[in-house]
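Novice: Dropping a structure here in structure tokens format, bear with me for questions.
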Amino acid sequence: MNQHMPAITGQRPRRALFALVISAGSFLLFLIQPLVARLALPQLGGAPNVWNSAMLVFQLLLLGGYGYAHWLSRWPLRRQAPIHIALLLVAAVVLPIALPRIAPPAAGWEVLWVPGLLGLAVGPVFLLVAAQASLIQRWFAAAPDAGNPYPLYAASNLGSFAGLLAYPLWLEPRFALSAQSALWSLGYGVLILLTALAAAQRWKTAEKNDGAAAAPEPLEHRGRPAGRVVLLWLALAAVPSGLMLSTTTLLTTDLMAMPLLWVIPLGLYLLSFSVAFSEVGHWTRILTRMAPVLLLAAGSFAMVSGGQANPAIALAMVGLLFVLAVALHGRLYALRPDPSQLTFFYLVVAAGGALGGAFTALVAPVLFDWIYEHAILLLAAAALLPQTLVIERMRRFLQERPAGRTIVGALVILAILLAYLLHRATEAGDGETILALFATLTLIGVALVAIRWAFVAVAALLMLGMGGLATLALSLEGERARTYFGVYSVVETEGGRFRQLDHGTTNHGRQWLDPERRSDPTSYYGRSAGIGIALDAAAPDAEIGVVGLGAGTLACYRQPGQRWSFFEIDPQILSYSRDGSFTFLSDCAPDARMVVGDARLELAEERQDRFDLLAIDAFSSDSIPLHLMTEEAFATYGRALAPDGLLLVHISNRFIDLAPMVSALAEAQGWHGRLRFDDENLAEGLAPSVWIALARDEEALARLESEEEPLWKPLPRPARRAWTDNNASILPLIRW
């Protein structure tokens, strides 16, 4: 490594300048990602996959940026710098950042519409800023005495990590989207100035070397890496990238879709580059040794349906992502080429990242009805991990000696048997047996870490035994579906007494399978719940609107003279009522009007004063559609409601207390409100629920009160600031 060390101490301030330029560009690059995805959320109902679609666009643009840097680096530096700075100035015409006005996507086409939308919004500036990291490293390496440029990649990823943290913790809570865009544009101008300073720093070097260090010989004359090495680079870059997105899918499906949960996996993924591309490498060695054990232990939960709703398991998955990313990126750094190949190396790394992203965001949702891609990527990581936790004498014995190969086969057969017993114990809920079998299988996996195929096999068996077989069985039975808006499953619960619709780990409705009770309200919709009280009190000829169909439970409140309309964003949900999985709709409101599309957009097209009662049942899922709870959204509801109409909002939620926000929105609209928390003396089949009733007219709310006992409570103290389309942060409402 001595040949890569700076030859003179004067290189330190120059290295600091280049590190500043690189980290500033990366800071802006990863500040814009959650900003643009947040801009898109109001048009897509808060779907968890918005972030994965956005990340795919960013990875493709990153690949384009690295390709541009690789192409530009073939020219003398005195030609590179003016071209790059001129293009940065030209790209500024798309600022400040705003989404183009294009038609909403047709159902099922969101996966392509979102990338197109985001690409049009930020494509030019993102591509050029994405080129900064590798291009500026190349400029730094242009001087013969510059030293090793690869550690500057750590500065790039530290800047990226800082940008990701800055968005949810600083920028989003304090500034409206328009102000966020303006601040980013100001930062872009500063970046252009810093880039010009870096070019000026190398200008004299370029003059002296004109075409030598600054413009390397064609790669074929510098020893292009072997094809198998390039493929290994691709794989080592693709697997962590795919894991980052699959971990994000797990978190946002089972917890909530919000920038904070978007950036945690991405931030740790980027931080792994900073650790792995360090010249010292102590932490890389430590984490690489830990990786196989952690993969066996934490990765065993990767196929547990809904398991990531458990905060401990979710935390373990996030930690596992970081450790595996460090180990794989550490192996990538160990295989880095000569600095003359630097831009080609980063181009291949970016291509691998894009491949991993495309698999997770585009291919997997089409191929799989559950998040199986996460388990597949963990097994791919198991096959690629550096084998540092290996005793060389043991490796030779297991690989080369007949007795060793026999032991390997016997241990794998034993692991198959133990995995089956683990599955049985898991189904029975036998905790002691589960722990003993889990520990034994983990020890077998550690013993076989030197034999890649055997280690991968034991990791897979652990996943299957810890809940994977049950998850696979549900898919084979055809009771699960996956769309852009989530993973749904229809299951029978309580010994076959109920059929239930689950979205991730959230119950979206259940129905009695007893024919005599199948029209009875269940779950959050009992007659003692806020919505039940309001619908029972509705006029016989009322016009009723419901946002969010679920299992269709509310349909059985319909009275003969009433006219009902349901608004549902996901056609898959409607199919469960049409194919007979749930019969509330067909039994009680077969002539109800069904409107498929984003409720806010559709309600804006309804005639004014149409509904006597409008129920918003879109917030019980943990993926909160923010755009349905802003001042602009509530103004739309008010326009669609009759002057004495009622607005019912369902806010039962495990992680977020939405009552203060609804209170703030009611105050902003000048509405009166009441809260109904129904959790006492619940009938069989019902669940605790929280509903809020709002009305312009106090008398409309008074009609809901009982003379015997007060059923409703005043609204809580409003949040400090009501959400708008331009400014919303969910952080103050989280139940930490």
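Here, each number is a calculation from the coordinates, and none is a lab measurement. Remember, predicted model here, so these are calculated numbers, not experimental data. Quick reminder, even Gly has a Cβ in these numbers, built from the backbone with ideal geometry, and neighbours come from all protein chains shown.
Novice: Size of the dipole of the chain about the Cα centre, Lys and Arg at +1 and Asp and Glu at -1 on the beta carbon, nothing else charged, in debye to 20? Don't jump to the answer; show the numbers that get you there.
Specialist: On the way: 53 positive and 58 negative charges, 894 e Å.
Value, rounded to 20: 4300 debye.
Novice: Any idea how far apart residue 102 and residue 283 come out in nm if each label point goes 7 Å out from Cα toward Cβ?
Specialist: Each label point is offset 7 Å from its Cα along the Cβ direction, giving 3.9 nm.
Novice: Below 14 angstrom from the Cβ of residue 136, what's the summed charge of the other residues (Lys, Arg +1; Asp, Glu -1)?
Specialist: Here the count lands on +4.
Novice: Net charge around residue 568, counting only other residues with Cβ within less than 12 Å of its Cβ (Lys, Arg = +1; Asp, Glu = -1)?
Specialist: Overall, the nearby charge balance is -2.
Novice: Projecting each Cα onto the charge dipole of the chain (Lys/Arg +1, Asp/Glu -1 at the beta carbon, about the Cα centre), which of 189, 595, 281 comes out farthest on the positive side?
Specialist: Checking the options against the dipole of the chain, the answer is 281.
Novice: For segment 392-476, what is the Kirkwood hydrodynamic radius in Å, using each pair of distinct C-alpha atoms?
Specialist: 13.4
Novice: Per 10 Å bin from zero, what fraction in whole % of the C-alpha pairs of segment 503-733 is there, up to the bin with the longest pair?
Specialist: Going from the shortest bin to the longest, the percentages are 8, 35, 40, 16, 1.
Novice: Please find the FRET efficiency linking residue 413 to residue 334, where r is the Cβ-Cβ separation and R0 is fixed at 30 Å, and quote it to the nearest 0.05. Provide the component values of the computation, followed by the final result.
Specialist: Details: r = 35 Å, r/R0 = 1.16.
Here the calculated transfer efficiency is 0.30.
Novice: For segment 437-554, count the residues as N, evaluate 2.2 N^0.38 Å, and divide the Cα radius of gyration by that value, please.
Specialist: For segment 437-554, the normalised Cα radius of gyration comes out at 1.62.
Novice: By how many nm would the segment from residue 472 to residue 120 grow when fully extended, if each residue of separation counts as 0.36 nm and the alpha-carbon distance is taken off?
Specialist: Taking residue 472 through residue 120 to full extension adds about 122.8 nm, to one decimal.
Novice: Can you give the Rg to Rh ratio of segment 262-374, both from alpha-carbon atoms, with Rh computed by the Kirkwood formula?
Specialist: Details: Rg = 15.6 Å, Rh = 15.5 Å.
Using only Cα positions, Rg/Rh for segment 262-374 is 1.00.
Novice: Further question on the same structure: To the nearest 20 debye, what charge dipole does segment 350-469 have about its Cα centre, counting +1 at the Cβ of each Lys and Arg and -1 at the Cβ of each Asp and Glu?
Specialist: So the dipole magnitude of segment 350-469 works out to roughly 600 debye.
Novice: Roughly how many nanometres apart are two label points built 7 Å out from the Cα toward the Cβ at residue 594 and residue 405?
Specialist: The answer from the label model is 6.0 nm.
Novice: Now for a different question. Rg and Dmax of the chain over Cα atoms: what are they, in angstrom?
Specialist: 28.6, 93
Novice: With labels modelled as points extended 7 Å from the Cα through the Cβ direction, what inter-label distance (nm, one decimal) is found for residue 92 paired with residue 430?
Specialist: 7.1
Novice: If I take R0 = 56 Å and measure r between the Cβ atoms of residue 452 and residue 735 in this structure, what FRET efficiency does the formula 1/(1 + (r/R0)^6) give, to the nearest 0.05?
Specialist: Efficiency, rounded to the nearest 0.05: 0.80.
Novice: Under the 0.36 nm per residue contour assumption, what length would be gained going from the current alpha-carbon distance of residue 394 and residue 514 to full extension?
Specialist: 37.1 nm
Novice: Restricting to DSSP H runs of at least four residues, report the calculated mean residue ellipticity at 222 nm for the chain, -39500 (n - 2.57) per run over all residues, nearest 500 deg cm²/dmol.
Specialist: Counting only the DSSP helices, I get -17500 deg cm²/dmol.
Novice: Shifting gears a bit: Residues with beta-carbon under 15 Å from that of residue 405, excluding residue 405: net charge, scoring Lys, Arg +1 and Asp, Glu -1?
Specialist: +3
Novice: From the phi angles alone, apply the Karplus equation (6.51, -1.76, 1.60; θ = phi - 60°) to segment 316-324 and give each ³J(HN,Hα) in whole Hz, x where the residue is Gly or Pro.
Specialist: After applying 6.51 cos²θ - 1.76 cosθ + 1.60, I find 5, 5, 5, x, 4, 4, 5, 5, 5 Hz.
Novice: Be a star and scan segment 520-538 for residues whose amide nitrogen sits under 19 Å from the point 7 Å along the Cα-to-Cβ vector of residue 706.
Specialist: So the set is 521-538.
Novice: Express the relative contact order of the chain as a whole percentage, based on alpha carbon pairs under 8 Å and six or more residues apart in sequence.
Specialist: Relative contact order, the chain: 13 percent.
Novice: Turning to a different aspect of this structure: Could you grab the relative contact order for segment 503-733? Cα pairs under 8 Å, six or more apart, rounded to a whole percent.
Specialist: Normalised by residue count, the contact order of segment 503-733 is 20 percent.
Novice: Which Cα, out of 431, 397, 410, lies furthest along the positive dipole direction of segment 392-476 (beta carbon charges, K/R +1, D/E -1)?
Specialist: 397
Novice: Could you calculate the contour length gain from residue 492 to residue 190, that is, 0.36 nm times the residue separation minus the distance between their Cα atoms, to one decimal place in nm?
Specialist: On the way: separation 302, 0.36 × 302 = 108.72 nm, distance 5.88 nm.
Gain on extension, residue 492 to residue 190, equals 102.8 nm.
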